[in-house]
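Below is one structure, written out as structure tokens; comments come after it.
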Amino acid sequence: MKIWLDTAVIEEIRELVSWGVVDGVTTNPTLMYRAGARDFKKHIIEICEIVAPGPVSAEVISTDAEGMIREAEEILSWAPNVVVKIPTIEEGLKAMKVISSWPNGRINATLIFSANQALLAAKAGATYVSPFIGRLDDAGLVGMEVIRETMTVFRNYDIRAEIVTSSVRHPRHVTEAAKIGAHIVTMPPKVLRTMIKHPFTDVGLKRFLDDWAKVEAAMREGQAGA
Ligand code: E4P
């Protein structure tokens, strides 16, 4: 399963890429705002350089197909690993149809909340489909069901678009998505940092180091007595 970071914070991306487990990055207008981005193009290009050759999603803000296509052409020219994020609405499907016919037309269909939306986006040519599971959970629904259903539909028809489990809130979402076989999980840095932690690991490490200090003390005593 591929791990993507769902953030636009450059320092976080740089640090977590150094762990050797990050395969890509997703951004959106909210994440760009939170990261304090001042220059969209420069910011995305910098992320693309850090993550290369992993894919980096950058979102259009137009809501009509023509505008989305115009923005996509610009965004896709920024880096060989940039992916254009298109909202999964009627105009978005029209845009996906056109963009997916380009040689560099990499598309992440975003704001997906049902397997039907994922199916339509894949048919329109999306490379990636992104169901937002956390937002469904927040509304009292079971977001992971959408991942499960989309996996089943894609397997039934050998659909090649990859499923990006998105809007992830906690490490359990990651485990569940991996058990289902989702291709990708995009997660906030906080979730990735939580995944590596276990209290038993910390306790175990402390005990090893304490005991090793005793071994060293005994060795020093042995040398002094010789
Ligand atoms: C995915 O690509 C989106 O950027 C993201 O997962 C949205 O998640 P949120 O519900 O935390 O805003």
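The values are calculated or read from the model by the stated rules, or taken from the named source; none is laboratory data. Predicted model, so just to flag it, every value in this text is computed and none were measured. Note that each Cβ is placed from the backbone with ideal geometry, even for glycine, and that neighbours are counted across all protein chains shown. Ligands, DNA and RNA are stripped out before the accessible areas are found, and what is left, the full protein with its side chains, is counted by its heavy atoms. Shrake-Rupley method; radii C 1.70, N 1.55, O 1.52, S 1.80 Å.
Counting only other residues whose beta carbon sits under 13 Å from that of residue 196, what net charge do I get with K and R as +1, D and E as -1?
It works out to a net charge of +1.
Which FRET efficiency value, to the nearest 0.05, do you get for residue 172 and residue 61 by plugging their Cβ-Cβ distance into 1/(1 + (r/R0)^6) with R0 = 25 Å?
Given R0 = 25 Å and the Cβ-Cβ separation, E is 0.15.
Please work out how many pairs of lysine residues in the chain are eight or more positions apart (or on different chains) and have Cα atoms closer than 22 angstrom.
15
So how much accessible area does residue 77 have, in Å² to the nearest 10, using a 1.4 Å probe?
Rounded to the nearest 10, the figure is 80 Å².
Using a 1.4 angstrom probe, figure out how much accessible area the chain has per residue, in square angstrom, rounded to the nearest whole.
Dividing the accessible area of the chain by its residue count gives 54 Å².
To the nearest 10 degrees, how steep is helix 171-180 against the longest Cα principal axis of the chain, on a 0 to 90 scale?
With both axes taken from Cα atoms, the answer is about 60 degrees.
If R0 is 25 Å, what FRET efficiency do you get for residue 39 and residue 190 from their C-beta distance, rounded to 0.05?
Once rounded, the FRET efficiency stands at 0.45.
Once both axes come from the Cα atoms, what is the angle between helix 115-124 and the longest principal axis of the chain, in degrees from 0 to 90, rounded to 10?
60 degrees
Quick check: the distance between the Cα centres of the stretch 1-41 and the stretch 149-189, to the nearest angstrom?
Comparing the Cα centres of the stretch 1-41 and the stretch 149-189, I get a distance of 19 Å.
With no solvent and one equal point scatterer placed on each C-alpha of the chain, evaluate the Debye formula and give log10 I(q)/I(0) for q = 0.15, 0.17 Å⁻¹, two decimals.
Calculated log10 I(q)/I(0) at the listed q: -0.95, -1.20.
What percentage of the solvent-accessible surface of the chain, computed with a 1.4 Å probe over protein heavy atoms, is contributed by carbon and sulfur atoms?
56 percent
Across all directions of projection, what mean area in square nanometres is found for the Cα convex hull of the stretch 28-82?
Quarter of the Cα hull surface area: 3.7 nm².
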